[in-house]
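Okay, structure first, notes after.
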Amino acid sequence: MTTMQQHTERPIQNVNRAADRFRENVGRVIVGKADVIDLCFVALLCEAHVLLEDVPGIGKTTLAKALAKSIDGSFHRIQCTPDLLPSDVTGIHYFNQKLGEFEYRPGPILANLVLVDEINRATPRTQSCFLECMQERQVTVDMETVQLPRPFMLIATQNPVELEGTFALPEAQLDRFLLRVKMGYPSSEEENGMLERFRTSDPMDTIEPVLGREELTILQHACKAVHVEASVRDYITGMCRTTRTDTRFRLGASPRASLALQQASQALAAMRGRDFVLPDDVKALAAPVLAHRVLLETSVSVHGASDSAVIEQLMNTIPVPVD
């Protein structure tokens, strides 16, 4: 192997090793669910945001805390309630009597990793303040723009079955989440293992950071260098464009979805030790990346079809590049 080959492969190997460390560290708290942990690490590598959606008691908040403790960065939690105001998130300007001038008091959104718990309990007015944070990585308070620390990632949780006192997320906000992840109930073996692991102590107390902010930034740049061949790009755009013409969809995936699917596929390929994207990477991420960005026709949804299931069916109709 030449020196140049070693130099180009080392960043990908670093991503692969970091993924193993991260998976093992979070797995000390979350029993099983390696695929869910990998999806969250994909979002970290993309410096993007994750929506954890599932019924209560599955471990959404626990997973988010384990992710945060695995990164050597600042962490804040925002508990959403109907009386939460945008200023409670972004911060305020207050008058400092000692200095005789107004000063900015940062809100909890100014952190490397922010957990927004039960995001659908916040009112639409408060939910809208997350749009600028998620897309531009900045907040505007009283005509002053403040940059968020980098890297920045938002993890939001919501309970899809509880409707009283909740406000559905608008499509513009859903489109800003790279992935929607559903954990699902554990298997019998996983649940027994969880009982044993938490019997005498909380393993969350023993988690230490395994990734620094500078290292994470380097890994993120390495993922952007992963090659996406033209036929794979056609596969990605073909999948997204089909959602816009398929009669089962009332709203198809946006161009931002195409970019998200390519970026996530690059990160997943790097995690698997490759410097190029395969169609299998795209297929593995299609439902988590696209399902929350589309709207099904009423005639389809009333028959019990889920957006993820329809995306899975759609993938079977799109030719897979073989070159």
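The values are calculated or read from the model by the stated rules, or taken from the named source; none is laboratory data. Here the structure is a predicted model, which means the values were calculated and not measured. All Cβ positions, glycine included, derive from the backbone under ideal geometry; neighbour counts span all protein chains shown.
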| message | Looking for something surrounded by 13 or more Cβ atoms within 10 Å (Cβ to Cβ), acidic (D, E) and part of a helix (DSSP H, G or I) - is there at least one such residue anywhere in segment 173-188? | response | no
| query | When residues of segment 209-245 are filtered for being within 18 Å of V320 (Cβ to Cβ) and of a type in the set (D, E, K, R), how many remain? | reply | 4
| field | Residue that is farthest from V42 (Cα to Cα) [pool: residues in segment 119-145 that are among the aliphatic types (A, V, I, L, M), buried (at least 21 other Cβ atoms within 10 Å of the Cβ) and more than 16 Å from the chain's Cα centre (by Cα)] | value | A122
| request: Could you tell me which residue of segment 196-215 is modelled with the lowest pLDDT, considering only residues that are among the hydrophobic types (A, V, I, L, M, F, W, C) and within 18 Å of D20 (Cα to Cα)? | output: I207
| said: Restricting to segment 1-16, and then to whatever is of a type in the set (A, V, I, L, M) and not in a loop (DSSP other than H, G, I, E, B), can you tell me which residue is modelled with the lowest pLDDT? | reply: M4
| said: Looking at V282, V322, V310, can you tell me which residue is in the same structural domain as M239 (by TED's automatic domain parsing), surrounded by fewer than 19 Cβ atoms within 10 Å (Cβ to Cβ) and aliphatic (A, V, I, L, M)? | reply: V322
| Of the criteria (1) surrounded by 15 or more Cβ atoms within 10 Å (Cβ to Cβ); (2) under 24 Å from the mean Cα position of the chain (by Cα); (3) over 29 Å from V15 (Cβ atoms); (4) hydrophobic (A, V, I, L, M, F, W, C), which one L251 fails | (1)
| field | Residue match in segment 17-26 (condition: in a loop (DSSP other than H, G, I, E, B), basic (K, R) and in contact (Cβ under 8 Å) with a residue 40 or more places away in the chain) | value | no
| message | Could you go through segment 180-187 and let me know if any residue there is assigned by TED's automatic domain parsing to the domain that holds H49 and farther than 21 Å from F41 by Cα. | response | yes
| message | Consider segment 81-109. How many of its residues are surrounded by 21 or more Cβ atoms within 10 Å (Cβ to Cβ) and either of a type in the set (S, T, N, Q) or under 20 Å from the mean Cα position of the chain (by Cα) (or both)? | response | 3
| request: Given the conditions (1) in contact with a Leu (Cβ under 7 Å, 6 or more places away or on another chain); (2) at pLDDT below 90; (3) within 25 Å of G57 (Cβ to Cβ), report the number of the one that F177 does not fulfil. | output: (2)
| What are the pairs, 6+ residues apart or on separate chains, where a residue within segment 290-308 that is touching a residue at least 60 places away in the same chain (Cβ under 8 Å) has its Cβ under 9 Å from a residue that is among the aromatic types (F, W, Y) and in a strand (DSSP E or B)? | L295/F249
| field | Odd one out for P209, checked against (1) over 20 Å from the mean Cα position of the chain (by Cα); (2) surrounded by 13 or more Cβ atoms within 10 Å (Cβ to Cβ); (3) not charged (D, E, K, R); (4) not in a helix (DSSP H, G or I) | value | (1)
| request: Please enumerate the residues belonging to segment 146-172 that are over 25 Å from D72 (Cβ atoms) and either buried (at least 20 other Cβ atoms within 10 Å of the Cβ) or in contact with a helix residue (DSSP H, G or I) (Cβ under 9 Å, 6 or more places away or on another chain) (or both). | output: Q158, N159, P160, E162, G165, T166, F167, A168, L169, P170, E171, A172
